[in-house]
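Below is one structure, written out as structure tokens; comments come after it.
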Amino acid sequence: MGWTGTSVRRKEDDRLVRGRGLFTDDELEPGMLHLHILRSPYAHARIVRIDTAAAEALPGVACVLTGREVAAQCEPFMQIGPPPCDKIRDLPMAVDKVVFQGEPVAVVAAATVALAEDAAQLIDVEYEMLEAVVEAEDALSDRSILHEAAGTNRTWQGVFEYGDVEGAFRDAASVVRIPRMKFHRFASTPLEPNACIAEWTRQGSVEFLCNNSFPGFAQQLLAPGLRLKADQLHIRTYDVGGSFGNKIWNYVYMALAALASKKAGGRRVKWTETRTEHLLGSGHGNERTYLDTEVALDRDGVITAVRSRHIDDCGAYTRYEPLGCVIWSQVLPATYKLRNMRIDFTQTVTNKCPVVPNRGYSRMQQLWFMERIVDICAHELGIPADEMRLKNYITQFPYETPNGCVYDSGNYPAMLAKGKELIGWDRWQREIAAGRKAGRLIGIGIGTTLDSGTNNFGQARIVNPFLPFSGNSEVCTMRLDIEGAVVVCLGTTPSGQGHETSASQVVADVLGIDPSMVYVRPGFDTAWNTFVGHSGTYASQFAVTGLSAVHGAAQKLKAEMRRLAAFMLEAAEEDLEFGTGAQGPEVRVKGTDKAINYWYMANLVNNNNAMLDESLGDVTLNVRHVYRPPFKVPDTERKFGNLTLTYAAQLHIAVVEVSRETCRPQVLAYAAVDDCGTLINPQIAHGQVHGATSHGIGAALMECLDYDETGNLLTATFSDYCPITALNIPDIAWGNIETPSPFSYNGAKGMGEGGGAPLHTMSAAIQDALHGAGVIVTGSHHSAPRLFEILQQPNRDEAVSVERRGGKQGRR
Amino acid sequence: MYPAPFRYHRAATLDDAIGRLVGIGEGARALAGGQTLLVWLKMRFDEPTDLVDIGRIPGLDAIEHDTKGVRIGALATHARIARSPLAKQIPIVGDCANGIADNQVRSRGTIGGSLAAGDPSCDWPVLLTTLDATVHCRGPAGARTLPADGFVQDLYATRLEAGELITGVSFALPGKGSAGAYVGFKRCAPAFPTSSVGVQLTLNGDDCTQARIALGSAALTTIRAQAAEAELSGRTLNAQVIARAAEAAAAAADPVPDQRGSPAFKRSLIDALVKRGVEVARRRARGETVEVSHEYY
Ligand SMILES: Cc1cc2nc3c(=O)[nH]c(=O)nc-3n(C[C@H](O)[C@H](O)[C@H](O)COP(=O)(O)OP(=O)(O)OC[C@H]3O[C@@H](n4cnc5c(N)ncnc54)[C@H](O)[C@@H]3O)c2cc1C
């Protein structure tokens, strides 16, 4: 209706493309101090001694802080996990020992950044090396324990079992076994790194300008951590250059800046992360190993059961974890209709950078796993990849998954048809056949994925029944300003998604005005009273939580305006209409020129209220709306319940050729079909699809956070990490279908994470290209050197086995 | 990410620069485009006391060629070389210049700095070895020339003496029937190549009378693959001959394992790149226009 569904030009872009955005690091003022963090060069070591005297003596240095001092002034951050997680002392700085390379061991606040770095170099730290554990399975042996008080590296274990798994395997026509698969470690590396400015004021409160993306959560951790009341933390964001979940746990660094400001007598302290610091210590994506996977199939190639053991590697601290141990189960069966599943899920800490909820968080790991299963079974059973999917896709909606999640809407076969059309499936089949005859390693692959959005925080109780979290919510405050402007404040922290634009569209539709007449304040501010504990931008939810809050607030404001107008125009409320007249936005009596404009209404309430009747005493034209999705607390015993409100879907198809000469995987064609329900702003959605796709292609082909056996990060610069850039992004053919969600007021579904679709798609296409060479793709990273190794030693014999029951026997 | 403090000097002339470098001694470094040096300083791998900026010394950035040969001043940037008529006339030079890093790096980085850095992954030392170029130097003891082949002696070590600067490079124009190609393989623009290969052949039809092959990122310094050259020189080129040369080049390489791949992978790349380089050189010798540059991923 109206503005919804149109590509209104992004309001934010005017300031951003002119270089007039305000990112945290842009804020500079005389007298401000700059923070440098001295980080551990070792992954696991005891801190024997720290000598800061020389650093403190350097002119221009305001203060130096070490772990001891931090520990004396802080409470360890709250842990989400059940015992033994409560024994993990998570402080913003290492105290007696370091557990990952890059962990802060001291900070210096000085007059300039360069000076702070000079001083940090003068800090003398003596380390006693400890054995590092970098592989998850090795860590689980507890050979070397990171958090000694916890007594183990294992942070969580649980079994997710649904349906009749044993029965399904007993009755299976074939069983496919895949002993080991691995999802690699990478991160979405936003253009703007973490940054914050902290000021410990004379009143004992702390002022933050930062780019934290989940301030509702950060405040709850920081306040007790800094021994302050929540209201003593004033947290603000403005323009943010990408987040992708990576900025959720920069509250750790906010604490360090705050403590440095406190020690420096309340001077403002700025910290801006460098790229190498970002790669070393800002948060990585979860790494996951899948062991002893078994898949039961019926005679027609329909998957009836899956069982497997998953080990998640969360790096050195649990921070947002072990939430990842349940988040994946939002998409337990992926897009497939199997009813019997048993996943034994374990998580461990390792001496690597802690993980963050990176774009596609924990779900893409599960979706990749399921897509691998589908493709490996298809190849081994000789079923074409598209047919295999059509046999197994869920087709009825709303659909309740075996673990109680409700997929709101979707049409996967239609997406597949559209994807095939976009890429030219039939033509490629012929070209691939011809290419293979000529000896080329060329293949086509499909990746279907889900982007579950608006999560039910009640799922946290599945990892720890005692957590006081459930549901979800978001806030919008809105008022008719003193001069009649519509001013909107959001509880979200936009970081490039165009929230100012989309929110304006929604308000404009409710009030019947132009989006340019709606002013949405940039950024987030706790002082606006526009936040709840869930406030922030994460987990693909703005289109549902954020916009539902905006919509609700606009309705409330409209109701007040209607009452006010009815009184002033001496008309019945139902005779009024909203729109724009000669004097700007107004409310008028239908079919007449009797109208009252916004300025007049605002002035009545704010300046001229003796004109008003007593019955309008509650009309303030200043409203607050909290949207709460309809969730119940899940059954933690059965691990059952609706964990997410909406399920956007992506279906990607790629044609990839692996060079016989160089092993370079080259994308010859790429199609991305998206379904995020009703589109609010198609151009913004398209941009999100493009970005998520690029991120996924980068992760699949280029990006890997590789550690050596001592826990030394080998990819700590962009020259080594090689994030994807425009030069490596193939042309992406974009398609869209809309299956409106029945669960959101506007039919929209949260989107933006894309569930890592390209990761599944690349694995599928590469497997298709290399299957003839005896290769089964069991890893998610496909750089040329890795493809070289696998082509040298084709793995099909160890990577998969097929048992066919009754009649014909399998290959092995 | 911030260098340790240093003093900055801007040299007005070559002699001024040499004088300052000699006068300051140990702690001084010449600064050209800064695309290698500043990275080291920012990471604090190196903490010189003084930087002598040679970047504005006039007359050191000329790109000239006549019938006798080519002369490129030490301060010519990768970007300027890439856009120069020379890059069109001698395509192997364009291959190299265009393949280096991204626009930003190419706009500042210089050919002299690339040689002086002594980095086994830098492209110019490999190209100049392939072309049998001469390096022109001037130092406190006066001017001298050194062959590009062997100019980089060891990891980050060159034959330059203390206070000595590169003023330029020169090489002969490839003769009739002589053509070359420079090919590299890298993961993305701002990454150094995983492997790179320069090939220059003198051909009479398919008969190869002379061959020069140099390898980058293949050992601790640029190496010349003489055994591979021997496989080609004096032979009629065919798939077998080329394969033997490629194999010999791969065998001559001694790559280190790192982020970019295992030694086995890098050897296989060298094998592939030699074949590709020979192929392109052959086509160019026949008068075809072939665009090649570094390959990504
Ligand atoms: C992100 C990135 C990617 C890169 N990728 C590539 C690549 O793919 N291929 C490639 O070849 N290079 C690459 N480079 C390096 C780049 O080509 C540099 O420009 C080059 O290596 C050095 O040239 P410079 O002028 O910048 O030298 P500087 O950095 O100024 O100096 C380098 C060293 O040489 C010395 N020096 C400089 N000029 C002279 C001179 N005339 N006489 C004596 N000593 C001198 C300096 O004292 C210093 O020790 C990359 C650089 C970056 C930052």
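Annotations for the structure displayed:
- Qualifying residue in the range A:767-788 (condition: of a type in the set (Phe, Trp, Tyr), buried (at least 17 other Cβ atoms within 10 Å of the Cβ) and assigned to a helix (DSSP H, G or I)): yes
- One residue stands out in the range B:103-116 among those that are near the ligand (Cβ under 7 Å from one of its atoms) and in a helix (DSSP H, G or I): the one that is nearest to B:GLY59 (Cα to Cα), namely B:GLY112.
- B:ILE81 falls short on exactly one of the conditions (1) away from every other protein chain (no Cβ under 14 Å); (2) touching a Leu at 6+ places or on another chain (Cβ under 9 Å); (3) within 13 Å of the ligand (Cβ to nearest atom), and that condition is (2).
Listed here are the residues, each with its yes/no results for (1) more than 28 Å from A:ALA716 (Cα to Cα); (2) in contact with a helix residue (DSSP H, G or I) (Cβ under 6 Å, 6 or more places away or on another chain); (3) not aliphatic (A, V, I, L, M).
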| site | (1), (2), (3) |
| --- | --- |
| A:GLU287 | no, no, yes |
| A:ARG299 | yes, no, yes |
| A:ILE303 | yes, yes, no |
| A:PRO322 | no, yes, yes |
| A:VAL326 | yes, yes, no |
| A:LEU332 | yes, no, no |
| A:PHE345 | yes, yes, yes |
| A:THR350 | no, yes, yes |
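- All of A:ALA554, A:ALA571 fail the test of being closer than 17 Å to A:ASP481 by Cβ, small (Gly, Ala, Ser) and buried (at least 16 other Cβ atoms within 10 Å of the Cβ), apart from A:ALA554.
- If you go through the range A:697-731 and keep only what is open to solvent by less than 30 Å² (accessible area, probe 1.4 Å) and more than 13 Å from chain B (Cβ to nearest Cβ), you end up with A:ALA699, A:GLY711.
- Evaluation of B:GLN240 against (1) away from chain A (no Cβ under 14 Å); (2) surrounded by fewer than 17 Cβ atoms within 10 Å (Cβ to Cβ); (3) part of a loop (DSSP other than H, G, I, E, B) (one fails), failing number: (3)
- Among the residues listed as B:ALA28, B:ALA32, the single one being under 30 Å from A:LEU35 (Cα atoms), outside the structural domain of B:ALA141 (by TED's automatic domain parsing) and small (Gly, Ala, Ser): B:ALA28
- Checking each residue of the range B:269-286 against the condition of being in contact with a Phe, Trp or Tyr (Cβ under 7 Å, 6 or more places away or on another chain), under 27 Å from A:LEU714 (Cβ atoms), within 11 Å of chain A (Cβ to nearest Cβ) and in a helix (DSSP H, G or I) gives at least one match.
- Members of the range A:87-124 that are within 11 Å of another protein chain (Cβ to nearest Cβ) and within 16 Å of A:GLY67 (Cβ to Cβ): A:ALA120
- Residue match in the range B:117-133 (condition: away from the ligand (no atom under 13 Å from the Cβ), open to solvent by 10 Å² or more (accessible area, probe 1.4 Å) and of a type in the set (Asp, Glu)): yes
- Selection count, the range A:532-581, where residues are free of Cβ contacts under 8 Å to residues at least 24 places away in the same chain and of a type in the set (A, V, I, L, M): 5
- Whichever residue in the range B:146-173 is open to solvent by 80 Å² or more (accessible area, probe 1.4 Å) and without any contact (Cβ under 8 Å) to a residue 60 or more places away in the chain and, among such residues, is nearest to the ligand (Cβ to nearest atom): B:TYR156
- Residue ID - nearest to the other protein chains (Cβ to nearest Cβ), chosen from residues in the range A:628-667 that are surrounded by 18 or more Cβ atoms within 10 Å (Cβ to Cβ) and polar (S, T, N, Q): A:THR662
- Selection status of A:LEU16, under 30 Å from A:LEU511 (Cβ atoms) and outside any loop (DSSP other than H, G, I, E, B): yes
- Sole exception among (1) closer than 16 Å to B:ASP119 by Cα; (2) touching a Leu at 6+ places or on another chain (Cβ under 9 Å); (3) open to solvent by 10 Å² or more (accessible area, probe 1.4 Å) for B:ASP207, by number: (1)
- Single unsatisfied condition, A:SER694 versus (1) open to solvent by 30 Å² or more (accessible area, probe 1.4 Å); (2) more than 11 Å from chain B (Cβ to nearest Cβ): (1)
- Where a residue in the range B:244-271 is free of Cβ contacts under 8 Å to residues at least 24 places away in the same chain and its partner, wherever it lies, is acidic (Asp, Glu), with Cβ under 7 Å and at least six apart: B:ARG244/B:GLU231; B:ALA248/B:GLU231; B:GLN259/A:ASP706; B:GLN259/A:ASP720
- With respect to the conditions (1) under 28 Å from B:GLN89 (Cα atoms); (2) more than 8 Å from the ligand (Cβ to nearest atom); (3) within 14 Å of chain A (Cβ to nearest Cβ), B:GLN35 lacks only one, and its number is (2).
- The set of residues from the range A:421-442 being of a type outside the set (A, V, I, L, M) and either open to solvent by 50 Å² or more (accessible area, probe 1.4 Å) or touching a strand residue (DSSP E or B) at 6+ places or on another chain (Cβ under 6 Å) (or both) comprises A:GLU421, A:ASP426, A:ARG427, A:TRP428, A:GLN429, A:ARG430, A:GLU431, A:GLY435, A:ARG436, A:LYS437, A:ARG440.
- Restricting attention to the range B:251-268, the residues that are among the hydrophobic types (A, V, I, L, M, F, W, C), more than 10 Å from chain A (Cβ to nearest Cβ) and open to solvent by 10 Å² or more (accessible area, probe 1.4 Å) add up to 3.
The values are calculated or read from the model by the stated rules, or taken from the named source; none is laboratory data. Note that the structure is predicted; figures quoted are calculated from it, not measured. No Cβ is skipped: glycine too gets one built from the backbone with ideal geometry, and neighbour counts run over all protein chains shown. For accessibility, only protein heavy atoms count, side chains too; no ligands or nucleic acids. Shrake-Rupley method; radii C 1.70, N 1.55, O 1.52, S 1.80 Å.
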